[in-house]
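What follows is a single structure, written as structure tokens, with notes after it.
The values are calculated or read from the model by the stated rules, or taken from the named source; none is laboratory data. This is a predicted model, so every value here is computed, not measured. Cβ: placed from backbone, ideal geometry, glycine included. Neighbour counts: every protein chain shown.
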Amino acid sequence: MKKTADIIIIGAGIIGAATGYYLAKNKLKVLILEKQFPCAGSTGRCIGGIRQQYTHPLSINVMLESVRIFSVLKNEFGKEVEWYSGGYLFLAHSEDKKQTYLQAIDIQKQYQIPVRFITPDDCLQIVKGLNPEGLLGGAYCPTDGQANPFAVTYGYLDGIKKMGGKLLTNTEVAKINVTGNKIISAVTTDNQEYFAPVILNAAGPWAKKIGKMVNLDIPVQPERHESVVTEACERLFDPMLVDYRSDGCYFIQNYGTGHFIGCYTPVPNDPGENIKATSEFLTEMPRRMARLVPRLGNLKVIRQWAGSYEMTPDGNPIVDKTPVEGFYVSVGMCGHGFMFGPALGKYMAELITQGKSSLPLDDFALNRSFGKKEAMK
Ligand SMILES: Cc1cc2nc3c(=O)[nH]c(=O)nc-3n(C[C@H](O)[C@H](O)[C@H](O)COP(=O)(O)OP(=O)(O)OC[C@H]3O[C@@H](n4cnc5c(N)ncnc54)[C@H](O)[C@@H]3O)c2cc1C
């Protein structure tokens, strides 16, 4: 029997799951093809941070909507997603950084984000035990937060199944058939053909490979990012602490469990598909965390891993239809895909079902110039 769906989604990370959910709510028959298992890509390697502190107006608007959605997901799914609005604090250790954050705050305030630049003393009030050395203050937004990437992604996938959609795991798409510039079907490595008039590329770090199957060049390059988690301890502070110095790091205490989880951005960056964890990161990351909050020096690291950021040339996602009729992309999340996922899922579902989204996504177009970079990186 011919296997058919209204839409095939390639990838069961947060992007595929969230988009599939909002499409299924629109009564579409959704089929997700996943080469491994849900969260096997970047989503299962993410540290769960959620912020509205961007400078690009579209990213800010997307994140206002995502935060609204995160705050109601528990009710929507009838299950905990560990959303906690503990804030983000971007620390400034140089006049340059302070100015960058002040300019960003001017933009963010136009969107009624309750962000403010706080003094070093205020930073110390919010983060007990913070090292004040060289600190000039910080950009603080109390309505940013955290959630559990697995709970959110599985919540969406369970919703899709309840609404009659399907998820096939261990099912790798090897080929996409196009006839007369129209999407016809996806063929898997075990030679099964699935027919649908619409295919969404939600393949995260593998987005470029999927694009090649329809002769499209999608400018997404994976980049290795590593992470550690420490043993749990009593609650120390709420916000994600971000130190964007070249030898800085960012980390958060998981609200529910008390573990600290964090990353740093390697300098120089580390492009490619290699996601092996390194001993360099394992020694360096705890040192950087303890430099910021010395009392963390007593905590033991219990796990480390690596994953990919999916980078585009300007640090913003690509969310668009394409010149191939029926082929859509929601890719290149540049390390922010978990937090962007709920809103972009909703807007992509509108684009597919209504031909346009309630929030215009032009600045995330596939054919944009990629000239203007996000400053809050
Ligand atoms: C260390 C680290 C920390 C991070 N921290 C944060 C954070 O705090 N906040 C935040 O918002 N983001 C964070 N991110 C980024 C975030 O994890 C990603 O942007 C997001 O998960 C991307 O989701 P996705 O659904 O696009 O991709 P993925 O989760 O990678 O999903 C893509 C899926 O496609 C599947 N696939 C690929 N090719 C095929 C094929 N041919 N056939 C079938 N299936 C296929 C893969 O197996 C994969 O499951 C972090 C990332 C890392 C690595």
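Comparison of V62, V30 shows that the only residue that is of a type in the set (V, I, T), outside the structural domain of G337 (by TED's automatic domain parsing) and crowded, with 23+ Cβ neighbours inside 10 Å is V62. Examine segment 274-283 for a residue that is away from the ligand (no atom under 11 Å from the Cβ), in a loop (DSSP other than H, G, I, E, B), in contact with a helix residue (DSSP H, G or I) (Cβ under 8 Å, 6 or more places away or on another chain) and among the hydroxyl-bearing types (S, T, Y), and state whether such a residue exists. Within segment 274-283, none of the residues are away from the ligand (no atom under 11 Å from the Cβ), in a loop (DSSP other than H, G, I, E, B), in contact with a helix residue (DSSP H, G or I) (Cβ under 8 Å, 6 or more places away or on another chain) and among the hydroxyl-bearing types (S, T, Y). The residues of segment 321-377 that are in the same structural domain as M213 (by TED's automatic domain parsing) and on the phi > 0 side of the Ramachandran plot, listed by number, are G326, G332, C334, G335, G355.
If the requirement is being of a type in the set (S, T, N, Q) and over 26 Å from G159 (Cα atoms), which of these qualifies: S330, S358, S369? Write out each step before concluding.
Numbers: S330 fails: over 26 Å from G159 (Cα atoms); S358 fails: over 26 Å from G159 (Cα atoms).
The conditions single out S369.
The listed residues are G78, G44, G87, and the only one of them that is touching a Ser or Thr at 6+ places or on another chain (Cβ under 9 Å) and more than 13 Å from the ligand (Cβ to nearest atom) turns out to be G87. Does M348 fit the bill of being surrounded by 15 or more Cβ atoms within 10 Å (Cβ to Cβ), under 16 Å from C263 (Cα atoms), within 16 Å of the ligand (Cβ to nearest atom) and among the hydrophobic types (A, V, I, L, M, F, W, C)? For M348, the condition - surrounded by 15 or more Cβ atoms within 10 Å (Cβ to Cβ), under 16 Å from C263 (Cα atoms), within 16 Å of the ligand (Cβ to nearest atom) and among the hydrophobic types (A, V, I, L, M, F, W, C) - is not met.
Here is a yes/no grid of residues against (1) of a type in the set (S, T, N, Q); (2) over 24 Å from V62 (Cβ atoms); (3) buried (at least 18 other Cβ atoms within 10 Å of the Cβ):
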{"residue": "G86", "(1), (2), (3)": "no, no, yes"}
{"residue": "Q110", "(1), (2), (3)": "yes, no, no"}
{"residue": "I113", "(1), (2), (3)": "no, no, yes"}
{"residue": "T119", "(1), (2), (3)": "yes, yes, no"}
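Taken over segment 304-340, the residue count meeting the criterion of being of a type in the set (D, E, K, R), part of a strand (DSSP E or B) and within 23 Å of Y88 (Cβ to Cβ) is 1.
Inspect all residues belonging to segment 23-38 and state whether any of them is within 14 Å of the ligand (Cβ to nearest atom) and closer than 15 Å to M339 by Cβ. Even if it seems obvious, please write down each step before you answer.
Initial filter on segment 23-38 (within 14 Å of the ligand (Cβ to nearest atom)): 31-38.
Cutting the leftovers down to closer than 15 Å to M339 by Cβ gives us none.
No - not one qualifying residue is present in segment 23-38.
Close Cβ contacts (under 9 Å, 6 or more residues apart or on different chains) running from residues in segment 34-46 that are of a type in the set (S, T, N, Q) to residues that are near the ligand (Cβ under 6 Å from one of its atoms) and part of a loop (DSSP other than H, G, I, E, B) comprise Q36/A12; Q36/E172; S42/G13; S42/M333; S42/G335; T43/A12; T43/G13. Looking only at segment 225-242, residues that are under 19 Å from the mean Cα position of the chain (by Cα), buried (at least 21 other Cβ atoms within 10 Å of the Cβ) and part of a strand (DSSP E or B) come to 6 in all.
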